[in-house]
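Contents: one structure, followed by commentary.
The values are calculated or read from the model by the stated rules, or taken from the named source; none is laboratory data. Here the structure is a predicted model, which is why all the values come from computation and not from measurement. Ideal geometry is used to build each Cβ from the backbone, glycine not excepted, and the neighbour counts take in all protein chains shown. Surface areas here come from the heavy atoms of the whole protein model, side chains and all, with no ligands, DNA or RNA. Shrake-Rupley method; radii C 1.70, N 1.55, O 1.52, S 1.80 Å.
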Amino acid sequence: MKIICIGRNYAEHAKELNNPVPAKPVVFMKPSSALLVNNKPFYYPEFTKDLHHEIEVVLKICKNGRHVQKEFASTYYDQVAVGIDFTARDLQSECKKKGQPWEIAKGFDGSAVLSSFLPIDQVNRNAIEFHLEKNGEKVQEGNTKNMIFSFDDIIVYVSQFFKLQVGDLIYTGTPAGVGPVQVGDQLRGFIHTKNNIREMFICEIR
Ligand code: MG
């Protein structure tokens, strides 16, 4: 199982970090050891002083495929979740400055918080609203209709390089509003389904 992540997929977020809006998807990966599921707490790592939350909609791949054509792309995922792409922003800035890969800033243990999944027909698949609360206050909200690259664009692009396999996860990028977390904070992620606003995960920082 692999965890594929898309960076800078919302123009407002690219701007807030002074990054250009990309012409092609920005792709990176996290190892499977990064997964943090079942509302387990996250332990603030000692290698960073600037850990940021990035809430993202996550797709689960339901079919193997490579070189997927756009017309079939939507058949390669059937469930959605929300998760956090935890980022050691200070380490990432250092890596970016030196032109180095940023795995240590993005792929560390526990850096991929993941909620349970919903069947995609329970949400408005072309415009999924989602948000993150920190200590009960809304800090990030997004709608997937504002993604630069749609779910299907991502499937087409990524499958040119990496064979998609059943169970793979795709973190589809974060909207604006990323920010630091501290020990003691409580993060809760929500998806707006067709019927209600559903709390999907809770993550305590210890
Ligand atoms: Mg991200």
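Just give me the residues in segment 155-194 being within 16 Å of the ligand (Cβ to nearest atom), of a type in the set (Val, Ile, Thr) and open to solvent by less than 10 Å² (accessible area, probe 1.4 Å), in sequence order.
Val158, Ile170, Thr172, Thr174, Val181
Is it the case that some residue within segment 46-65 is in contact with a Lys or Arg (Cβ under 6 Å, 6 or more places away or on another chain) and more than 16 Å from the ligand (Cβ to nearest atom)?
No, segment 46-65 contains no residue that is in contact with a Lys or Arg (Cβ under 6 Å, 6 or more places away or on another chain) and more than 16 Å from the ligand (Cβ to nearest atom).
State all residues of segment 66-95 that are without any contact (Cβ under 8 Å) to a residue 24 or more places away in the chain and either within 16 Å of the ligand (Cβ to nearest atom) or assigned to a loop (DSSP other than H, G, I, E, B) (or both); if no residue qualifies, say none.
Gln92, Ser93, Cys95, listed by residue number.
Would you pick out the residues in segment 55-64 that are in contact with a helix residue (DSSP H, G or I) (Cβ under 8 Å, 6 or more places away or on another chain) and open to solvent by 10 Å² or more (accessible area, probe 1.4 Å)?
Of everything in segment 55-64, those that are in contact with a helix residue (DSSP H, G or I) (Cβ under 8 Å, 6 or more places away or on another chain) and open to solvent by 10 Å² or more (accessible area, probe 1.4 Å) turn out to be Cys62, Lys63.
Regarding segment 37-45, can at least one residue be identified that is modelled with pLDDT of 95 or more and under 15 Å from the mean Cα position of the chain (by Cα)?
Checking segment 37-45: at least one residue is modelled with pLDDT of 95 or more and under 15 Å from the mean Cα position of the chain (by Cα).
Restricting to segment 119-164, count the residues that are part of a strand (DSSP E or B) and at pLDDT below 95.
0
Mind checking whether some residue in segment 116-125 is under 19 Å from Leu169 (Cα atoms) and acidic (Asp, Glu)?
Yes, there is a match, as at least one residue in segment 116-125 is under 19 Å from Leu169 (Cα atoms) and acidic (Asp, Glu).
Could you say which residue among Ala127, Ala105 is surrounded by 14 or more Cβ atoms within 10 Å (Cβ to Cβ) and at negative phi?
When all the criteria are applied, what remains is Ala105.
Testing Ala23 on (1) surrounded by 14 or more Cβ atoms within 10 Å (Cβ to Cβ); (2) outside any strand (DSSP E or B); (3) away from the ligand (no atom under 16 Å from the Cβ), one condition comes back false. Which one is that?
Of everything listed in (1) surrounded by 14 or more Cβ atoms within 10 Å (Cβ to Cβ); (2) outside any strand (DSSP E or B); (3) away from the ligand (no atom under 16 Å from the Cβ), Ala23 misses just condition (1).
State whether the residues of segment 135-142 include one that is buried (at least 19 other Cβ atoms within 10 Å of the Cβ), over 23 Å from Pro45 (Cα atoms) and touching a residue at least 40 places away in the same chain (Cβ under 8 Å).
yes
Here are Val58, Val21, Val82: which of them is within 18 Å of the chain's Cα centre (by Cα) and under 15 Å from Asp153 (Cβ atoms)?
Residue meeting the stated conditions: Val21.
Does segment 113-121 include one or more residues that are within 17 Å of Tyr76 (Cβ to Cβ) and open to solvent by 60 Å² or more (accessible area, probe 1.4 Å)?
yes
Would you be able to say whether some residue in segment 32-39 is within 12 Å of the ligand (Cβ to nearest atom) and open to solvent by 20 Å² or more (accessible area, probe 1.4 Å)?
no
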